[in-house]
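> The following block contains the structure, expressed as structure tokens.
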Amino acid sequence: MTPGPKSVAPRAPLHFLGLACAIGVSTIYFNQPLLVDMGRTYHEPAGVVMFVSGATQVGYALGLLLFVPLGDVLERRALMMRMYAAVTLALLLVSLAPTLAWLIAGSVVLGMVASVTHVVLPIAPDMVANEERGRAIGTVMMGLLLGILLARTFAGWVSHIPALFVHAPRLFPAGAPWVTDGWRYVFVIAALMNAAFLLVLGRVMPKLPPKQDLRYGDAMRSLWTLWRTEPLLRESSLIGAMVFASFSCFWTTLAFLLSSHYGLGAGVAGSFGLVGAAGALVAPLAGRLADRRGTRWVLTAGITILAFSYVLLWAGETSRLSFALHLAVLLAGVILLDVGAQLTQVGNQTRIFGLVPSARSRLNTVYMTVYFAGAAVGSALSTMAWVRWKWNGVCGLALLLVAVAGLTHAFGTRVAVIGVAVPREQIAEADRVLEV
């Protein structure tokens, strides 16, 4: 396998790509700690308002399918700038939603354009030699996971801005929507941040021409070719979907757990993102381990840690512990949950980006579409599990999903390091098939 192109590296540092991923992906997670507050705004119960989170995931999966293949077809800097501009407008649309139906529709749109994250991610392995692919992916993935986790912290605390207005009742009368609906401020401020990032993006990113002369229709048709001809892509996609579905079970229901069991609000729910952010620090290590010990080892470790995290989270809530110990166990479980999810994600993406270098955006499209479809399913199922069985149902469901991922991995392709295991002839043949 030949190294990826080098022309991008001097002007597109990995850490900037990580920042771009963090800003893009954060927008689809703002709503999770705010679901209780949104329910109060629209006078809807938990079982209904939770679908806002699932709608965003569905939109993201659609965006991955429809927009991300453009990364192999169009000049990528211009594509990124258009999509980040669309994210800014979608955030404003969500902030102004007059009804829950409008909020759900706006969340689908926001999810679709926020898929720009995965136009950015495949650029990382193009910037380094093949033997450093895991490190590059790990570095950018650290930014992505920090965006996912810190989005909840940002949203939880920014939503408290209206509390400042009680000291100025003449300017901000009680009951006014811009005072009572603090969650709307989250999306307005995020829109301003995205607009500012757009200016930076135009200065920092170089022009990135497509690697192949390919039409959009051909790129879309080749998605099925990749799925059909790459068994490792199918396996990694299923593992990723099950892992992310289990991950979504926790974060979709956390605000309701804290509210019903502990009487804690959106700010505290969001602060758990700071705790989980510690797990993001494992990403560069996971990338180096994938380069040295192989992706199969990394996946085994990640799935094992993920399963243990849910055992701990379940046991902590069903045990007779003090309030302080309950929270301590919950915090430990969150850290392990994010470490396990990060290990599996880095392992999977290191695998798939080694299959057909000229089709990395499309490989990422297939993988991430299935991955976020899993997240949408996890959000929807955890909503039903919470309504019927509360925390016991959520943890039982999550462990079942992790078990499916573990069995798929245990009986799957025994490949250690994809950069070594996939021969040049296979890559050349895959490229030829995709060009036909």
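The values are calculated or read from the model by the stated rules, or taken from the named source; none is laboratory data. Nothing here was measured: the structure is a model prediction, and the numbers come from that model. As a convention, Cβ positions derive from the backbone with ideal geometry for all residues, glycine included, and neighbour counts pool all protein chains shown. Note: accessible area is taken over every heavy atom of the protein model, side chains too, but ligands, DNA and RNA are not part of it. Shrake-Rupley method; radii C 1.70, N 1.55, O 1.52, S 1.80 Å.
> So is PRO209 within 23 Å of the chain's Cα centre (by Cα), within 30 Å of GLY354 (Cα to Cα), modelled with pLDDT under 90 and of a type outside the set (Asp, Glu) or not? Before the answer, list the steps.
Numbers: within 23 Å of the chain's Cα centre (by Cα): no; within 30 Å of GLY354 (Cα to Cα): yes; modelled with pLDDT under 90: yes; of a type outside the set (Asp, Glu): yes.
No, not satisfied.
> Would you confirm whether any residue within region 213-235 is buried (at least 24 other Cβ atoms within 10 Å of the Cβ), among the aliphatic types (A, V, I, L, M) and at pLDDT below 90?
Within region 213-235, none of the residues are buried (at least 24 other Cβ atoms within 10 Å of the Cβ), among the aliphatic types (A, V, I, L, M) and at pLDDT below 90.
> Look at region 372-411 and say how many of its residues are modelled with pLDDT of 90 or more, crowded, with 19+ Cβ neighbours inside 10 Å and either out of contact with any helix residue (DSSP H, G or I) (no Cβ under 8 Å at 6 or more places or on another chain) or aromatic (Phe, Trp, Tyr) (or both).
Result for region 372-411: 2.
> With the requirement that a residue be among the hydrophobic types (A, V, I, L, M, F, W, C), without any contact (Cβ under 8 Å) to a residue 60 or more places away in the chain and either touching a Ser or Thr at 6+ places or on another chain (Cβ under 9 Å) or farther than 30 Å from VAL48 by Cβ (or both), what does region 105-141 give you?
VAL108, VAL113
> Can you name the number of the only condition in (1) open to solvent by less than 50 Å² (accessible area, probe 1.4 Å); (2) in contact with a Leu (Cβ under 8 Å, 6 or more places away or on another chain) that ALA195 fails?
Among (1) open to solvent by less than 50 Å² (accessible area, probe 1.4 Å); (2) in contact with a Leu (Cβ under 8 Å, 6 or more places away or on another chain), the lone unmet condition for ALA195 is (2).
> What tally of residues in region 142-159 results from selecting those that are without any contact (Cβ under 8 Å) to a residue 40 or more places away in the chain and over 23 Å from ILE189 (Cα atoms)?
Number of matching residues: 0.
> Scan region 240-251 and tell me whether some residue there is surrounded by fewer than 18 Cβ atoms within 10 Å (Cβ to Cβ) and touching a helix residue (DSSP H, G or I) at 6+ places or on another chain (Cβ under 8 Å). I'd like the intermediate steps shown before the answer.
If we filter region 240-251 for residues that are surrounded by fewer than 18 Cβ atoms within 10 Å (Cβ to Cβ), which is where we start, we get none.
Checked against the condition, which is being surrounded by fewer than 18 Cβ atoms within 10 Å (Cβ to Cβ) and touching a helix residue (DSSP H, G or I) at 6+ places or on another chain (Cβ under 8 Å), region 240-251 yields no hits at all.
> If PRO3 satisfies all but one of (1) assigned to a helix (DSSP H, G or I); (2) farther than 19 Å from SER379 by Cα; (3) in contact with a helix residue (DSSP H, G or I) (Cβ under 6 Å, 6 or more places away or on another chain); (4) modelled with pLDDT under 90, what's the number of the condition it fails?
(1)
> Determine which member of the set ALA136, ALA85, ALA168 is modelled with pLDDT under 85 and surrounded by fewer than 19 Cβ atoms within 10 Å (Cβ to Cβ).
Values: ALA136 fails: surrounded by fewer than 19 Cβ atoms within 10 Å (Cβ to Cβ); ALA85 fails: modelled with pLDDT under 85.
Just one listed residue meets the conditions, ALA168.
> What single numbered condition from (1) within 24 Å of the chain's Cα centre (by Cα); (2) modelled with pLDDT under 90 fails to hold for ALA163?
(1)
> Do you know which of the residues in region 293-323 that are modelled with pLDDT under 85 and either of a type outside the set (Gly, Ala, Ser) or open to solvent by 70 Å² or more (accessible area, probe 1.4 Å) (or both) is nearest to LEU144 (Cα to Cα)?
Per the stated criteria, the residue is GLU317.
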